[in-house]
Structure formats: structure tokens, C-alpha cells
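A.B. asks: Let me begin by handing over the structure; questions about it come next.
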Amino acid sequence: MITITARRLYTTIGIFFLFPFFLHAQKIDSMMNVYSESFPQEKIYVHFDKNIYNAGETIWYKVYVFSGAYPSSVSKNFYTELSDADGNVIQRKVSPLFEATAAGSFDLPKNIRGRHLHFRAYSAWMLNFDTSFIYEKDIRIAITKTDSSNSNVYSEKHLQFFAEGGDVIGGLDNTIAFMATGQFGLPAEVKGIVKDRSGKEILQFASAHDGMGKFVITPDIGDSLYAIWKDENDNEHTTGLPVIKNTGAVLRIIPANKKILFSIARSTEKNPDNDQLIIIAHMHQHLVYKAKINLQDNFMSGGSIPVDQLPSGILQVTVFNANNLPIAERVVFVNNHEFEFNPNVEVAVKGVGRRGGNVIEIDVPDTLRSNLSLSITDALADGNNLNGDNIISHLLFTGDLKGYIHNPYYYFSNTSDSLRNYLDLVMLTHGWRRFKWDQLAKGKTPIIKYTDQDHLALKVEVLGVDPTRIAKDESLNVIIQKKDSSTQLLQVPHLTGGKFGLGGLVFYDTAKAYYQFSVNRKLSNEAAVTFNTGLLREYRRVKPLTTANDTWALTDSSILKRNRFIIEEAERSKPVFDQKVKTLETVTVKGRGKSEAQKIDEQYTSGMFSGGDASTFDLTKDPFALSSTDIFTYLQGKVAGLQINTAGSTPSLQWRGSTPSLYLNEMQIDVSALQNTSVSDIAMVKVFRPGSGVGFGGGAGGVIAVYTKKGKEARNNNDAGFKGLDKTQIIGYSVMKEFYSPDYTSMNTQNEAEDTRSTLYWSPYILTDKDNRKVTIKFYNNDISKVIRIILEGVNEDGKLARVEKIIQ
């Protein structure tokens, strides 16, 4: 389990003098502290199992939610949506966030219209701020007919100019960056000349990397500039440069080793407001630098911002005048190369032949706990872009910038000066506006419309009666009956007026809620009682993106051909398999029957809790179970090495020097809550030994998994058992689908079908810690793949990121 705590301090540096105007700036300081403490910003990365899908397949995904440089502790509920080409939400999932991660899937319909679907992911908290920072991605869909998007057609090119700091000031040296783009926002190479109002040539320019470049120019006051430029096809264009202003300040920044160098120059046409300036730098809403710049006697000054103690990420530098108005601003990337940890992925057994067996071993050479996700795919059908956006580039870089960035992971491929300069071009051409400085200066804070509960809540409102008739000590007794017939008894307290509420619930699908008021039991007969679990409804329709983040697939015909081949193979083999199934239905196969332990394990367990090396106790077959006061008393002395002390009011547990993790129906629970679960309601207990890899944190102290009775074995859990109680239905989290990985060593009729899976293996949760650093994964190839791609991504408890990509062929 990854515990989210404050691990790194952002220290404000700078020397201050108490000039009167400087005191006004303290309001911005204090407001930034308010924002960092009360309004933290979240950002999201989503690991998909692959990059391109066929109709009828499943999209598998793992969500990572960060706030600043660390996994977020803000939100507990998470929303994902899949929309069609018209912006209609066709599927929506709501998931609980555990340790700032969630996992889910979308089953694609077989009759998809168009080449893309739109994926959107967000927390309720994110909707209170600039929604352009929520996660959005167009999902590429392979189609069986010829894809017209591969045709080479001329697209109009666009050139934009950006003044460093925001404005071009006449009479001063100004850095001007530019960015040229073509179809889908892809970079376009350009070259040209800059001319003044009279048509005189001032300078020549050419793009240096991915359509971007920069130059320094000193324009005259009152002049105007324009560029005449040519694209790769030698077509000529004309574009104006930003307007030249008479007054203001120019901010210039040079990223250097362990520091950021800056200079500030005011206009020669004097403005008293620009004599005394303040420069601040902040990262993740934390103020990290502040200094006064005195330009009363000199028109230019400068300094340096030490950044060697900062986490890697985007630093925003802003210059304010004497009236607290921002007059120049710039973002710069700080790369201290401390953001990675490096799991080792080894292929122990390789099988790229038809249904070949494969074994990979994952070793995390670190004592810190890590939370990883793994995808294994047909590399020829997936078409993964090596320099495309991934967990490292997104959480450090693209997740904080607006607009499309081409091949963002390229900027992390080495530490050369040229790469650092290219990365700074991205900073110069992509603005970032988390703060509205005028609002901060007035002391205004964001309006919080969307709040987030501690997971699911029971929000109950009594309507139709005078709230004064509700006793102050009134409460609502609620029995939640889940889909598997297990039950949970809750006491929901009275909040105010006709409202009752309780948070911290986790259940999936729908559930029945049987309820009764504890003081005035007839209250529900006189009033309307409404229930909801506090989850958001769809907040708005979405307009799909222009597919810029997936444009690599548009021009790679081999990827599309590979996916069309997979679709055709699946369609060709289906009639043959259907005929085999009809024939096999008449065949009787005799073999060894399943043991009672195997039967009850299959009935109750799922995912990582199924099977495994564990001690299993079937309480439905144990006549002495009911003589135990609680489950801990029952387990005493039954498992070698597990020490249970029930002498105190709350039992204490220890196994090999660590405390076992406790689960009830595969949801983590504390000792006192499990102690209050009646033994008569318990069907089975599985005890996993330390280091089993089960549960969050890998089960370093062992895992005790308790399952309550369900179905016909459950006690008093049908409608007859709740006679006289009012009933309603409540909606919980979306049901998690389990990835199916075939075992070709077993006797299974499904193994007779042609195997054309392009996703060979998917595991959203691979959890390691100091006692469980190694994980072994076994999977089988399909019938057609010859090249297999492995991608491992994740985060550790210190907020460091990992990405490993390997090819098996």
C-alpha cells in the first residue's frame, strides 16, 4: 500500500526589503499559500493496453492521479467516459480511487461508426478549475475498408509567433519563438525572412526542431513586423508578428545547470509603475522564489533562480509591476533527473510460436512500495510510438500544458544541451495559465461546485415533513444488500434539517437498501425518503479532439493492414469454431472432480485472491465455527506462524514481524470492523502467507481474506428477512471486468477457437515492496503474432515514475 504523505518541501528563496509597494505583493504570497493548501490541482495519466483497437474488442486502462509531484490524496472517486463522433457519451464508468489509482475497461460495440472514439477521464474536484486540463484522448479504431486518411493530400500550414514573456517591447532586445504546424497539428518545417513596415529585411529564420525555432530582434518603437515564409512544399505565406508596444518589460530566461538565469529590461519610454518590479517563481502552486528588481536607475537587471532542490517539472516565472499587475510571464522546464525508478524486466521463457508459452520476471531493485501496470500486445498491430506520450512525459510535462506536443518523450531521451534547447522551444510556444492573477490580487478563491466524498456516500433526504419534527438524535438504520446477497448494517446519522449522511462506502453494481428510522419509526410513512450515493452525473457533452495525439497511426498503413488481418482472421475462424462447439457438445469427458476447497474458492474469490498458496477454511462445513466469538478467536492456532492475541478489547496480529492485511469480501478493512462481523455470516477464510503478492503492498505480513455468505447460504438476507422495512435501490461503482488470459495447458473448449487476440496480457495492478520485489508473469501467445511488445509503467510511494518497453521476437 502506498501511503501519501508530504515528503518534499518547497522553500521560498530571495532577499526582501520592506518598501511600501512590496507589502502589497504579500497578498499574492498569502493567496498562493491558500491555493496550495486548499485548492490543490490534480492531473491524470492513463495507461491503455494498446494504441489502436478493433470493433468488438475491450479497451483496458489504468489511471494514475497526481497532485503536484506526488500521487494525489484529494479525490476518492473517478470518472471515465467514452463518446462517439457526435459527442454522445456511449459508456461511462465510475471507479473508486485507491492509492491514487483506478482501473477499468470499455467493451467496444461491433458496429462502431468512424475511425475514432473519444476517451475522457476526470475527478469531480478537477471540474472546479480549468477543465482543459482534464484527461482527453481520441481512441483510434481500425476499420476493415481502405482508410482514406492515408492518402497524401496537401494541408494548409500555419505559423505562429510568441514573444518571450508575453509582449514585444520597442527599443529592447526581444526573443521571438515560432511554431509551424500542418495537418492535425503536426509540425511543419519552415524558413523565411522578417521585414519591417517599410519592407526592409530585418533577419532570416528557419525552424530548428519539429517546426519550432526562435530569434532575437530589436524593433523600433511604433514599427510593425511581418514574416514572409515558405513551407516544405515551397509554398509562400505571409504572417504578422505580435504588436510592438511602447512601454512594458521584457523577460528573458536561459535554463542552465542547477539554476535558471533571467534578465528583466524595462522600456526606454519611462513608466513609473515599472521602476520597482517583483519577480516570483512557483511550481505546483508553491512559491519557490521571490525577489525585488529595482529598475529606477538602470533599465535592465538580472539574476538566477536555484532549482537543484526542486522536483522535475514546469516552473512558472512571473514579473509584477508596482500595482501588482503581471507584465511578463514565462514557463520553463526544470529537469533534475531524479524522477525515475527502474524496474528490471527479463524474459525468462520466450515463445513467439503459435500459442507459445512465455514467462517474464519483473524485479524492482528498491525497497519502496510500487504500483505498476503491465500490457503485452502484438507489436505489429499496436504500433506504439517510442517517443509518444507516456507516464513520464505526461505527469512531468504534457499534463501541465495546453495544446498538442509532438513526440513528448523525445525530450527525455538524453541530457544533451541541444535537447534542453529544443525542450525550451516547447516552453516558449505553449502557454500555461493555472492562475488568474487579478483574482488572486483581489483575494478571490475558486467557487467549489463539485466536492468529493470519501468514496461512496449514503446521502438521504427526508421530504414532505417539517424538519423540526425530526428529532436531533434521530438516525437511520440501513441494511445494504449487495448483488452477491452479502449484507452490511449501517447507522446513518442526522446532519441538519431533513438530511442524513454517511461516507466511506465501497460496493459495485446496484444494491438494495432496507431502512428504518431509529427514533420515529413511522417517519417514512409520512414523508418521501430519497437516497443517492453522491456520484456525479455526466457533466456535459464533449466535442472530440482533432486526433492529433494519434496521428502517427494515420500514416502507417502497415499497422492498419495488420489490424485488418486480425479482424479477417477472427471472422474467418468463427464459423469453424461454432461448428466444433456444436460437435463437442455431445462428447462426455470424464476426469477428476474438483475438491470442496476448489469449489468454494471459485464461488467466492476473484482476481489476485483466487487460487494461490493459502490456507482455506470453509466455515459452512465446520460445526464448531459458531462457538467462536469472532473470526480472530476462530483462527487462533490454526495457521503456523500467525500470532493472534485476543487479550485486549481489540485483537493484535503479527506474522514474521509484520501486521497481516485484512480483507472482507476483497475490500481492505481494519481489525475492529472485521471483529464485529458475525462468525455466523462468514462462509470462508483464506490466509495467505507473507510475501504472497496478494493485496495492496504485496502482503508482506500475510493476508487474511474473509468472505461472508451469499446466495442460499446467506442468513436472513432475503426480502422476507427484512419484513417491515422500507426498501430502495442505490447505485454503486461500475463492475470491474477481469482480463481473460487463456491457459493452453488446460482442457477447455474455448481453447479450440482460433486465437487472434492482439492484447495477450493485461494486469493493472502489479504491487511490490521491500519483501516482495519480484513478480513472475506467465502468458501464452496467440496463433498469429511473431513480435510481442511489453510495456510496464507505474509509480512508487515517493512519486517516482517508471516506464519499461521490451520487444520479444
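A.B. asks: Pull out the extension gain between residue 402 and residue 261, defined as 0.36 nm times the separation in residues minus the alpha carbon to alpha carbon distance; nm, one decimal.
C.D. replies: That works out to 48.3 nm of additional length.
A.B. asks: Less than 19 Å apart at the alpha-carbon level, and either on another chain or at least 8 residues along: which aspartates and glutamates does that give for residue 214?
C.D. replies: Filter leaves 164, 167, 173, 189, 196, 201, 231, 232, 329, 417, 424.
A.B. asks: State the Cα centre-to-centre distance between the range 62-110 and the range 349-397 in whole Å.
C.D. replies: Going from one Cα centre to the other spans 21 Å.
A.B. asks: At 0.36 nm per residue, minus the direct Cα-Cα distance, what do residue 269 and residue 245 gain on full extension? Give it in nm, one decimal, please.
C.D. replies: Details: separation 24, 0.36 × 24 = 8.64 nm, distance 1.04 nm.
Working it through step by step, the gained length comes to 7.6 nm.
A.B. asks: Also, I was wondering about something else. Which aspartates and glutamates have a Cα lying under 14 Å from the Cα of residue 594, excluding residues fewer than 8 positions away in the same chain?
C.D. replies: Cα-Cα hits under 14 Å: 602.
A.B. asks: In addition: What are the trypsin sites (Lys or Arg not before Pro) within the range 56-125 that DSSP puts in a loop, where the Cβ has at most 15 other Cβ atoms within 10 Å?
C.D. replies: 110, 113
A.B. asks: Please work out the C-alpha center-to-center distance from the range 632-688 to the range 410-478 and express it in whole Å.
C.D. replies: Their Cα centres are 38 Å away from one another.
A.B. asks: Can you list residues from other chains, or at least 5 along the same chain, whose modelled amide H is less than 5 Å from the amide H of residue 761?
C.D. replies: Under 5 Å from the amide H of residue 761: 376.
A.B. asks: What part of the accessible area of the range 185-253, given as a whole %, is carbon or sulfur when the probe is 1.4 angstrom?
C.D. replies: Here it works out to 45 percent.
A.B. asks: By DSSP, what percent of the beta bridges with both residues in the range 643-708 are antiparallel, rounded to the nearest 5?
C.D. replies: So the antiparallel bridges in the range 643-708 amount to around 75 percent.
A.B. asks: Could you report the accessible area of residue 300 in Å², rounded to 10, computed with a 1.4 Å probe on the protein chains as they sit in the structure?
C.D. replies: About 100 Å², ignoring ligands and nucleic acids.
A.B. asks: Can you list residues whose amide H is under 5 Å from residue 248's amide H, if they're 5+ apart or on another chain and H is modeled 1.01 Å from N?
C.D. replies: Answer set, sorted by chain and number: 267.
A.B. asks: Then there is this: Per residue, how much accessible area does the range 246-349 show when a 1.4 Å probe rolls over the protein heavy atoms, in square angstrom?
C.D. replies: Roughly 38 Å² per residue, with all protein chains present.
A.B. asks: How far is it, in nm, from the label point at residue 363 to the one at residue 807 when both lie 7 Å from their Cα along the line to the Cβ?
C.D. replies: 2.5
A.B. asks: In percent, what relative contact order does the range 324-412 have, based on Cα pairs under 8 Å that are 6 or more apart in sequence?
C.D. replies: Relative contact order for the range 324-412 comes out at 17 percent.
A.B. asks: Let me ask another. Over the heavy atoms of residue 202, what accessible area does a 1.4 Å probe trace out, to the nearest 10 Å²?
C.D. replies: Rounded to the nearest 10, the figure is 70 Å².
A.B. asks: Quick one: pull the percent of accessible area on the range 347-454 belonging to carbon and sulfur, 1.4 Å probe, ligands and nucleic acids left out.
C.D. replies: 49
A.B. asks: Okay, moving on. Quote the charge dipole size of the range 429-472 about the Cα centre in Debye, to the nearest 20; the model charges only the Cβ of Lys and Arg (+1) and of Asp and Glu (-1).
C.D. replies: 300
A.B. asks: Can I ask one more? In whole Hz and in residue order, list the ³J(HN,Hα) couplings for the range 290-304 that follow from phi through the Karplus curve 6.51 cos²θ - 1.76 cosθ + 1.60, θ = phi - 60°; x for Gly and Pro.
C.D. replies: Coupling constants for the range 290-304: 7, 8, 9, 10, 9, 10, 5, 9, 10, 7, 9, 8, x, x, 9 Hz.
A.B. asks: Within the range 157-252, list the chymotrypsin sites (Phe, Trp or Tyr not before Pro) lying in a DSSP loop whose Cβ has at most 10 other Cβ atoms in a 10 Å radius.
C.D. replies: none
A.B. asks: Filter the trypsin sites (Lys or Arg not before Pro) in the range 361-433 down to the DSSP loop ones having no more than 14 other Cβ atoms within 10 Å, then list what survives.
C.D. replies: Counting only loop positions with at most 14 other Cβ atoms within 10 Å, the trypsin sites (Lys or Arg not before Pro) in the range 361-433 are 402, 433.
A.B. asks: Normalised by the number of residues in the chain, what is the relative contact order in percent for Cα pairs under 8 Å and 6+ residues apart?
C.D. replies: Dividing the mean separation by the residue count of the chain yields 16 percent.
A.B. asks: Same structure again: Going 7 Å from the Cα of residue 349 toward and past its Cβ, which residues in the range 778-809 have a backbone nitrogen under 16 Å from where you end up?
C.D. replies: Answer for this model: 778-782.
A.B. asks: Another question, then. Could you pull the accessible area for residue 247 with a 1.4 Å probe, rounded to 10 Å²?
C.D. replies: In the full protein context, residue 247 sits at about 50 Å².
A.B. asks: Continuing with this model, one more query. How big is the antiparallel share of DSSP beta bridges in the chain, given as a percent to the nearest 5?
C.D. replies: If we restrict to bridges inside the chain, about 95 percent are antiparallel.
A.B. asks: Quick one: of 472/723; 499/522; 483/778; 482/638; 483/522; 459/727, which pairs are farther than 23 Å apart, Cα to Cα? Don't skip to the end; give the middle numbers.
C.D. replies: Values: 472/723 27 Å; 499/522 17 Å; 483/778 32 Å; 482/638 30 Å; 483/522 28 Å; 459/727 15 Å.
From the list (472/723; 499/522; 483/778; 482/638; 483/522; 459/727), the Cα-Cα distance tops 23 Å for 472/723; 483/778; 482/638; 483/522.
A.B. asks: Sticking with this structure for a sec: What distance in nm separates the simple spin-label points at residue 776 and residue 110, each placed 7 Å from Cα in the Cβ direction?
C.D. replies: 3.9
A.B. asks: Put +1 on the Cβ of each Lys and Arg and -1 on the Cβ of each Asp and Glu in the range 210-306; which of 251, 298, 288 then has its Cα farthest toward the positive end of the dipole?
C.D. replies: 288
A.B. asks: At 222 nm, what value in deg cm²/dmol follows for the chain if DSSP H runs of at least 4 each add -39500 (n - 2.57) and the sum is divided by all its residues, to the nearest 500? Working shown, then result.
C.D. replies: Values: 11 runs with 97 residues, N = 809.
Here the helix-only value at 222 nm equals -3500 deg cm²/dmol.
A.B. asks: While we're looking at this one, here's another question. Using a simple spin-label model with points 7 Å from Cα along the Cα→Cβ vector, what separation in nm is obtained for residue 537 and residue 598?
C.D. replies: Going from the residue 537 label point to the residue 598 one covers 5.0 nm.
A.B. asks: Multiplying the sequence separation of residue 37 and residue 297 by 0.36 nm and subtracting their Cα-Cα distance, what value in nm do you get?
C.D. replies: Gain in length upon complete extension: 89.7 nm.
The values are calculated or read from the model by the stated rules, or taken from the named source; none is laboratory data. Treat the numbers as computed from the prediction; the structure is a model and nothing was measured. Positions of Cβ are generated from backbone atoms using ideal geometry, with glycine treated the same way; all protein chains shown enter the neighbour counts. The area values use the complete protein model at the heavy-atom level, side chains included, leaving out ligands, DNA and RNA. Shrake-Rupley method; radii C 1.70, N 1.55, O 1.52, S 1.80 Å.
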